Amino acid sequence: MPTLSRSTIHSDFDSNVAAGLELGPEVDLWRARFTAMACPCEVLIDTSDKSVASNAANAVSMEAWRIERKFSRYLNDNIIYKINTAAGQAIKVDEETERLLDFAACLYQTSDGLFDITSGVLRKVWHFDGSDQLPDSASVRDVLKLVGWHRVQWQAPYLRMPAGMEIDFGGIGKEYAVDCAAQLASVASAVPLLINFGGDIVATGPRTKDRAWKVAIESTAQDQPTPMVELKRGGVTTSGDARRFLLKDGVRYGHILDPRNGWPVRDAPRSVTVLEVNCTQAGVLSTLAILQGRGAEKFLRKHKVTHWVSR
Amino acid sequence: MQLTRKQRRRLRKTLLASSCALLGVMPSAMADKGDWTFDTSALFYSEVGGILVLEPMILAKQDRGDDSYLTLNIVGDVLTGPTPTGGMPSSKSQTVTGPSGKKTTAIAPGQTPVNKYFKDTRGAVKATWSQPLGDLWRLDWGGGVSLEDDFKSLAANALLARSFNEQNTTLSGGLSYEYDSINPIGGVPQPLSVVPAAGGTSPVAHSRSKNIKGVLIGVTQVMNQNWLVQMNFSYGASSGYLNNYYKQVSVIASQATAQTALGDPLYQIYENRPSTRSQRTIYLRNKVYLDGNVLDISYRYGWDTWGIRSNTLGLRYRWALSDHFFLEPQLRYYRQSAAYFYRRGLLNSEPLPAFVSADYRLDAFTGRTIGLEFGTHVSKGSWWPAGTLTLRLEHYTQTGGSDPQVNIGVQQNFSLFPGLSANIVQVDYSFGF
Amino acid sequence: MFKTTLALVIIGAGSLLSGCSSLGVRPWQRGILAKPEMSLNAQPLMLAVDDHIYFAKEGTSGGRDFSGGGCGCN
């Protein structure tokens, strides 16, 4: 159970400091900060009652850490590790992993293979360090043999995967954690919250007096105004390839890889922000939009997604 | 894995269903939950001492993908009850004979003549297709048929819209055409001829027709995140048989005689209206979102070549009591001037005018509507889909009108503009699958 | 996986960026305008019934759209 750390702004807080969670008051709400899934996380709790805020923040951070622990691909004692090191053996998964795998299967189908949780092994040949070091086609082709959800036998609750293949929930895990945390916190109390795990956001309901939460998206392009998203309930996510890329012969290779050919998606927008009913849904749509490359805007318009694209 | 076109189109819905399954929650309502959405309504319209109308309606909209929609509108209505003939009250009993010449209505002294056996049924179907043309243009076109016992109507229209300025401004322009054929029971009476006392007109034709050509030019403008403005200009040119063959005009005694008191009707003639009319309106509407509630204010100015000028003010306030329930008070004020050929009645001493009608709708009057609407979301039940249930109650009145030229003798004792008081109940359920 | 998230700044307190100088909104500001009750054609059958009643009872009709007409009641 994490306890509250002393705020740097106010001195009248609990001083029983523990790892991770920091809670402090804003103008008319409470803000809690912690780190999970390798990114800064925060919770805004629209209440003046500190114990309510503390309970909600605890519920959110516990859930974030739980999901990180269970699905991180960097740990060697969780279900992901078990699946990725099964070497062709069938693995029986628990109910939550089953739901995530079902969801991943659905994503793979509905996106015609664009969204593929087995594509992480492509990282072995692509290193997006800003250099001009492109991998050669042969090595991409080789590693591509280990990519493709269609090679996976998924018959719930059993998963069998050829040796060398890997899955990871990196593309949906953080958004899933946001939604799960929001659900848990909502069950605990009816206080409206805004949860932000490194840019994946959900609002559980409008603030008092039906006010919206105001979320500013940091724009990558200097000449563009900062878009403001007004959110009462639902999720906002931003996907992009702004920071990691390779540059060769004047061509910018963004880190968004098409799992069907193993190469970066051409002409992908710098970032796509999507508003949806939940964070998972928003994350999937912003990622799918990026994967459309030049067709991102068309895709978003066609499916009537509330969006903002930066190029 | 290949997906069908339909599955591809429904990507967002499919993802929503599966993300909700992942999170173990019910998918929340999305604007387009299925291919078809329906809006069904029933209207009960009842005038005090007048007609009763029952009108069921269905509006079905199909998402045809690629942002194209097909809309079908089916309406039926049944109308029964006494209808004013346009005649004036008398100090003696009068008899109104229906157009078929068979059924008669006895009118007590001082009462406004009505045709008690007025009855009509109507069925109408309308289809509209709406599709984008590229990113900025949209075309809506459609047509409809309406059939009544004595009336047939065919209509077609097309509206082209273009958006500007990141879709904050939309300009639209459209044309419409309507062809109506009127087939009175008992034939078309000779305009201005005397209505025979015992019925049995001598018709001059079996049917007549008219057509209406319309133009609509509109602008919608997003003012800010909470405010939307709509402005329209409309023009409609009607030509052909614009009379209402039911409507009559009383010719009253301008001098008392041994048999007749001053002001008593001597006989009735069939009305006659000009065979052309052009109408223009300017319409302005604001929709403003105020902290969860919606204010809808509209104003219309109308003027036509018959001399009718009108001002209409509409006010609605959608008051959201919770996420699932709203109340909407509605107010409307309407005021018009009279058509130049409107006469409550004619004097027997004056020459017969070329055009005359005593139809109260062409008189000067004020119409007022007060209404209240209740709406609530309904969850899916054992045999009904989830949707929105709306109930609306309205009260509509018309007051005004007078014609000093015929307000003589016995007529001074009677109400020359009988007025109208109607109660309206509408129940609506809109849902999708 | 395929995704980096950009840094986001959350403005929790109600510091509304007060109205911009020109008319209109950016695409991401359409949340309220996209609500069904803000549609100009919200509750189409309610609007149609009004248009129809007033078409039958008053001297001026239409103006809002091409509806109305198709009725021998006038």
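The relative contact order of chain A, computed from alpha carbon pairs under 8 Å that lie at least 6 residues apart in sequence, is 15 percent.
Residue by residue, the stretch B:351-365 carries 3J(HN,Hα) couplings of x, 5, x, 5, 10, 7, 8, 10, 5, 4, 6, 9, 8, 6, 7 Hz when phi is fed to the Karplus relation 6.51 cos²θ - 1.76 cosθ + 1.60 (θ = phi - 60°); x denotes Gly or Pro. The relative contact order of the stretch A:75-168 comes to 44 percent, based on Cα pairs under 8 Å that sit 6 or more residues apart.
Students often get this wrong, so check it: of A:LYS70/A:LYS298; A:LYS174/A:LYS302; A:LYS302/C:LYS35; A:LYS248/A:LYS304; A:LYS82/A:LYS304; A:LYS298/B:LYS126, which have C-alpha atoms separated by over 30 Å? The answer is A:LYS70/A:LYS298; A:LYS248/A:LYS304; A:LYS82/A:LYS304; A:LYS298/B:LYS126.
Averaged over peptide A:107-118, the number of partner chain Cβ atoms lying within 10 Å of each residue's Cβ comes to 3.
Here chain A is assigned +1 on the Cβ of each Lys and Arg and -1 on the Cβ of each Asp and Glu. Its dipole about the Cα centre then comes out at about 640 debye. GNM remark for chain B: springs join alpha carbons under 10 Å apart, and the peak mean-square fluctuation among B:LEU416, B:LEU16, B:LEU362 falls on B:LEU16. When chain A is treated as a Gaussian network with alpha carbon springs shorter than 10 Å, the biggest mean-square fluctuation among A:ILE290, A:ILE256, A:ILE91 belongs to A:ILE91. I'd like to know which of B:SER234, B:VAL78, B:GLN279 lies farthest towards the positive end of the charge dipole of the stretch B:35-432, counting +1 on Cβ of Lys and Arg and -1 on Cβ of Asp and Glu. Highest projection toward the positive end goes to B:GLN279. What is the sum of charges, Lys and Arg at +1 and Asp and Glu at -1, for the other residues whose Cβ falls under 11 Å from the Cβ of B:VAL96? Counting the neighbours of B:VAL96, the net charge comes to +2.
Residue-normalised convex hull volume from the C-alpha trace of the stretch B:35-432: 152 Å³ per residue. Each Cα pair of the stretch A:102-144 feeds into the Kirkwood radius, which the Stokes-Einstein equation turns, at 4 °C and 1.567 mPa s, into a diffusion coefficient of 109 µm²/s. For the stretch B:49-95, the Kirkwood estimate of hydrodynamic radius, built from reciprocal distances between every pair of different alpha carbons, is 14.9 Å. For the pair A:LYS248 and A:ASN76, label points projected 7 Å from Cα toward Cβ lie 3.3 nm apart.
Around the Cα centre of the stretch B:35-432, unit charges on the Cβ atoms of Lys, Arg, Asp and Glu (plus for the first two, minus for the last two) sum to a dipole of about 860 debye.
Net charge of the neighbourhood of B:TRP137, taken over other residues with C-beta under 12 Å away and scored Lys/Arg +1, Asp/Glu -1, is -1.
Panel note: the C-alpha atoms of the stretch B:37-156, placed on their principal axes, show extents of 70, 25, 23 Å (largest first). Each peptide among A:96-102, B:204-210, A:267-273, B:286-292 gets the average number of other Cβ atoms lying within 10 Å of its residues, and from highest to lowest they stand as A:267-273, A:96-102, B:286-292, B:204-210.
Counting every alpha-carbon pair across the protein assembly as shown, the share separated by more than 38 Å comes to 53%. Taking the C-alpha atoms only, the angle from helix A:95-110 to the longest principal axis of chain A is near 60 degrees. Our summary gives chain B a relative contact order of 13 percent, counting only alpha carbon pairs under 8 angstrom and 6 or more residues apart. Projecting the Cα positions of A:SER310, A:PRO259, A:GLY240 onto the charge dipole of the stretch A:212-311 (unit charges on Cβ atoms of Lys, Arg, Asp and Glu, taken about the Cα centre) puts A:PRO259 furthest along the positive direction. Counting only other chain Cβ atoms within 10 Å of each residue's Cβ, the peptide B:291-303 averages 3. The stretch B:230-280 and the stretch A:99-174 have Cα centres lying 80 Å from one another. The stretch between B:LEU136 and B:HIS324 holds 64.2 nm of extra length on full extension. This uses 0.36 nm per residue minus the Cα-Cα distance. Any idea which of B:GLY371, B:ALA386, B:THR121 is furthest toward the positive side of the dipole for the protein assembly as shown, if Lys and Arg beta-carbons carry +1 and Asp and Glu beta-carbons -1? The residue sitting farthest along the positive end of the dipole is B:THR121. For chain A, the convex hull drawn through the C-alpha positions has a volume of 147 cubic angstrom per residue. Helix B:11-23 axis versus longest C-alpha principal axis of chain B: approximately 60°, rounded to the nearest ten.
The Cβ shell under 12 Å around B:VAL78 holds other residues with a net charge of -3, Lys and Arg each +1, Asp and Glu each -1. Please determine, in degrees from 0 to 90 and to the nearest 10, the orientation of helix A:50-71 with respect to the longest principal axis defined by the Cα atoms of chain A, where the helix direction is its Cα long axis. Result, in degrees: 20. Within 10 Å of the Cβ of each residue in B:235-246, the mean number of Cβ atoms contributed by other protein chains is 1. Here the stretch A:160-215 is assigned +1 on the Cβ of each Lys and Arg and -1 on the Cβ of each Asp and Glu. Its dipole about the Cα centre then comes out at about 340 debye.
Laboratory data are not the source of any read-out in this text; all were calculated from the coordinates shown. Because the structure is predicted, anything quoted here is derived from the model rather than measured. Quick reminder, even Gly has a Cβ in these numbers, built from the backbone with ideal geometry, and neighbours come from all protein chains shown.
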